[in-house]
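Working notes for the structure below.
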Amino acid sequence: MSSQDSEGQQCPLAVGVETSQSASDGETDCEVITVTIGATVPTGFENTAAEEVQEKIGADATISKDRGRIYFQITTDKLSQVHHLRSVDNLFVVVEEYDNYQFKDSKEETLEDLQKLASKLPWTNALKVWKLNTSLKKKRGPHRRPQGPKGKGRRGRDFRDRGKAKKDDVETDTMETVTAEIEKLQLEPTTGQGVGEAGSPDLENSPLGEQQEVEGQEPVPKVLKFRVTCSRAGDKHSFSSNEAARDFGGAVQDFFLWKADMTKFDIEVLLNIHNVEVVIGIALTEESLHRRNITHFGPTTLRSTLCYGMLRLSKPQASDVILDPMCGTGAIPLEGAIEWQQAFYLAGDNNDMAVSRTVNNICHIQKKRLDKSSTPGLPIDTVQWDLCHLPMRTSSVDIIITDMPFGKRMGSRKNNWDLYPPCLREMARVSRPGSGKAVILTQDKKCFQKAISRMGGLWRKHHTVWVNVGGLHAGVFLLKRTAGIFGQTPEDVREPLEEQPGKEKPAEEREKEVK
């Protein structure tokens, strides 16, 4: 989509920036800008996020080649709606994007191109969106500021003084600097670069026109603090993400004369590189939106955005009874009770601490709703129970959604061979024959597939979504309950012990076989 012109210069993708104004008495009342918004989403649920964007905002989303990202265009009057999307983790406004960026062969030439790129980008509209977004955040209330990686970004160093990083296929580095000279510098770009040059904003009408008043002096524009975060994926680059962030960040610093700060920044500039795709953006979220529900975390708490994707996969209907038999912190049923309030949710676990965390998280959401003068009640209840002997009537549940133990942080792979078969059998018992569904997340795919293959008369695997959970390749399995009556199918028997890896038969059974 991007190419080079006759002089060999990069021709960027059209960002689709348009403006429309409504005037009264010859003066502009408001300005609406059309910009491209980028969003990071749980890997594997890009299509789900695109569907939500279409439904709630009416925009067509494009899925990036780099998994876990989508892009869509909005007008700025819909910016607040974007923050209410349930499937996105982080948001940013696109400054510019290149679908086929032509990297030079040598590292030095490539880094020099990145330095030159900073002064050529159309920053103005993206910075206006950033300022509007900042005002919206102030209305919503204070947000926690994300903390940078430990041991990185000490004061007194310049972008170009950073040490070399390891060159990996996939890297993410955040660079920052504060020097003695830029303490005195102001907001405007370097001398000789006005509004008509390289898309730089003019100071008088700058979207960042917050000013600091000093008694007896003219108001002085506030000097903004920033950081640059570079994400790089691909094995054909001659540079590391550290080097790209260092040189690009240094050029941004020289262009705007901003301060830079790792933790107390005002603006986060994003440089995303995926093979030959390059996207430059400005972050619109300080912390991931997936932290919206949970205040009491467990060892394996799921992101709320991933929970939303699992719930949407099950397509909840009004009056459905939805069960999470291994609720942990209650992330799945809590997300469902907020978004699909016409259903009823049961959250249970055999661990008393897990049940306590779930109750505390529910109380936290109820208090937030009460403070906002919303109806505090949620269609959810919490129970402590034995997973393999649920206190539920047979054929009483419409949907089961749960995160089963991976055998990594909780339990073990060996224990999973004992847990999965009876667990799936009990789920089949309480599910409605013919219409019941189950959405199961697990990283222990071998054990799960084996257990399901022995229950062909109770469950049928309908669809699988492959996701990344904390760096682990896991699967979200959509199962459909067959019309088979529990207890009457040939598959509804316990798995022979000799089929379970690493498990010996009891001595009594071995004696019977000998006889």
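The table below lists the values:
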quantity: Label-point separation, Val276 to Cys363 (7 Å along Cα→Cβ), nm; calculated: 5.8
quantity: Full-stretch length increase - Arg393, Phe297 - with 0.36 nm per residue and alpha-carbon distance subtracted; calculated: 31.5 nm
quantity: 5 angstrom amide H check on Asp266, placed H, neighbours 5+ away; calculated: Lys225, Phe226
quantity: Stokes-Einstein translational diffusion, the stretch 304-481 - Kirkwood Rh over all Cα pairs, 1.567 mPa s, 4 °C, in µm²/s; calculated: 79
quantity: Packing-based ranking, highest mean first, of 463-473, 429-439 given that Cβ atoms within 10 Å are counted; calculated: 429-439, 463-473
quantity: Gain upon complete extension [Met353, Ser319; 0.36 nm per residue less C-alpha separation]; calculated: 9.3 nm
quantity: Other-chain or far-sequence residues with amide H under 5 Å of Asn293's (modelled H); calculated: none
quantity: Burial order of peptide ranges 38-48, 323-333, 388-398 (average beta-carbon count within 10 Å, highest first); calculated: 323-333, 38-48, 388-398
quantity: Flagged links, alpha-carbon separation over 18 Å, of Lys56/Lys368; Lys437/Lys461; Lys137/Lys259; Lys128/Lys225; calculated: Lys56/Lys368; Lys137/Lys259
quantity: Separation of the Ser453 and Gln384 label points, Cα + 7 Å toward Cβ, nm; calculated: 3.9
quantity: Probe 1.4 Å, accessible area per residue of the stretch 304-481, Å²; calculated: 41
quantity: Heavy-atom accessible surface of the stretch 304-481: percent carbon and sulfur, 1.4 Å; calculated: 50
quantity: Residues whose placed amide H lies under 5 Å from that of Arg69, excluding near-sequence neighbours; calculated: Val41, Ser64
quantity: Surrounding net charge for Met326, when Lys and Arg each add one and Asp and Glu each subtract one, Cβ distance under 11 Å; calculated: -3
quantity: Net charge of Cβ neighbours under 12 Å - reference Pro379; Lys, Arg +1; Asp, Glu -1; calculated: -3
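The values are calculated or read from the model by the stated rules, or taken from the named source; none is laboratory data. Not measured: the values here are computed from a predicted model. Cβ coordinates were reconstructed from backbone atoms using ideal geometry, including for glycine residues, and neighbour counts include every protein chain displayed. Ligands, DNA and RNA are excluded from the accessible area calculation, which covers all protein heavy atoms including side chains. Shrake-Rupley method; radii C 1.70, N 1.55, O 1.52, S 1.80 Å.
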